[in-house]
1. Return the only residue of 79, 107 being in contact with a strand residue (DSSP E or B) (Cβ under 9 Å, 6 or more places away or on another chain) and closer than 18 Å to residue 6 by Cα.
2. Take residue 60 and tell me if it is modelled with pLDDT of 95 or more and either out of contact with any strand residue (DSSP E or B) (no Cβ under 8 Å at 6 or more places or on another chain) or more than 21 Å from residue 40 (Cβ to Cβ) (or both).
3. Applying the selection to region 78-96, what residues are in contact with a helix residue (DSSP H, G or I) (Cβ under 7 Å, 6 or more places away or on another chain) and at positive phi?
4. Just one of the numbered conditions (1) exposed (fewer than 15 other Cβ atoms within 10 Å of the Cβ); (2) part of a strand (DSSP E or B) is not true of residue 40; which one?
5. Restricting to region 5-37, name every residue that is part of a strand (DSSP E or B), in contact with a strand residue (DSSP E or B) (Cβ under 8 Å, 6 or more places away or on another chain) and within 24 Å of residue 71 (Cβ to Cβ).
6. For region 204-310, which fully contained helices (runs of 4 or more DSSP H) count at least 1 residues that are more than 24 Å from the chain's Cα centre (by Cα), modelled with pLDDT of 95 or more and crowded, with 17+ Cβ neighbours inside 10 Å?
7. Just wondering, is there one or more residues in region 168-179 that are surrounded by fewer than 18 Cβ atoms within 10 Å (Cβ to Cβ), touching a helix residue (DSSP H, G or I) at 6+ places or on another chain (Cβ under 8 Å), touching a residue at least 12 places away in the same chain (Cβ under 8 Å) and within 25 Å of residue 61 (Cα to Cα)?
8. When the residues of region 144-167 are narrowed to those that are under 15 Å from the mean Cα position of the chain (by Cα) and part of a loop (DSSP other than H, G, I, E, B), which ends up surrounded by the fewest Cβ atoms within 10 Å (Cβ to Cβ)?
């Protein structure tokens, strides 16, 4: 599993982040995910401050993202070549490193020709500031187009991953994104694998005062998955967890971890206890009957053209 840092600098202070990072690496974790816009760059700054002090930089696979707007002006955001390369330099300064292992396009930018956007990926890798490149939140056709272009000409750096929301509550990527990623050999990095926290079961009887759903800046983020359909899925997860003698969190994580194409779910935690509870899922293998039941209760409708004509 990967360690997500979206809340570092807001809900998670530097001391707690250090404790999380130590616990994560002691458990064998290596992939740490951040982005230039997480808490206005504070997530990257905190992670950068921990490198060398808490964990050697070479012990981690560091991934960050760019595209979202951080500042005013023509180079303050977006997927133009200038904005992207400027954002990368900013990320490297905040992280205090000379390169990142995986650099991802955080979103599709329809105002910039894709060829220009992808040229920034090639320039970044040629400079040595980036080792590998990927995308995030791309639709199926966007992913397929970008992956094809990167493989079309010799010397271009192929995409290796796509980071998307994927959980028992959000399986829409199975329609087009997962097939595109599989076809092009890209790994899936699921974000929000716990359905934005809803799959832990904590919201079944209301909103706990110390939860993300109770915070002013995250309530809307969580509310999107508090539906009647979600309630049925959460109940199935809780039932499975009771039968297996484990937590709903572990059941939900084990399900997404073992989906075709998934290489590393990105787990963000408010505190170290939450993180340790998630890492326990590494030892859980869902029995086929339980996996089939979870597949069934969370299934999404496929129609033409995703489903072949009969």
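1. On the way: 79 fails: closer than 18 Å to residue 6 by Cα.
That would be 107, the only listed residue that is in contact with a strand residue (DSSP E or B) (Cβ under 9 Å, 6 or more places away or on another chain) and closer than 18 Å to residue 6 by Cα.
2. Working: modelled with pLDDT of 95 or more: yes; either out of contact with any strand residue (DSSP E or B) (no Cβ under 8 Å at 6 or more places or on another chain) or more than 21 Å from residue 40 (Cβ to Cβ) (or both): yes.
Yes.
3. 96
4. Among (1) exposed (fewer than 15 other Cβ atoms within 10 Å of the Cβ); (2) part of a strand (DSSP E or B), residue 40 violates only (2).
5. Step one: of region 5-37, the residues part of a strand (DSSP E or B) are 8, 12, 31-33.
Within this subset, residues satisfying the condition of being in contact with a strand residue (DSSP E or B) (Cβ under 8 Å, 6 or more places away or on another chain) are 31-33.
Residue satisfying the conditions is 33 alone.
6. Values: elements: 219-223, 228-244, 248-257, 272-279, 288-297.
The qualifying helices (runs of 4 or more DSSP H) are 228-244, 288-297.
7. No, because not a single residue in region 168-179 is surrounded by fewer than 18 Cβ atoms within 10 Å (Cβ to Cβ), touching a helix residue (DSSP H, G or I) at 6+ places or on another chain (Cβ under 8 Å), touching a residue at least 12 places away in the same chain (Cβ under 8 Å) and within 25 Å of residue 61 (Cα to Cα).
8. 167
The values are calculated or read from the model by the stated rules, or taken from the named source; none is laboratory data. Predicted model, so just to flag it, every value in this text is computed and none were measured. We place every Cβ from the backbone using ideal geometry, glycine too, and count neighbours over all the protein chains shown.
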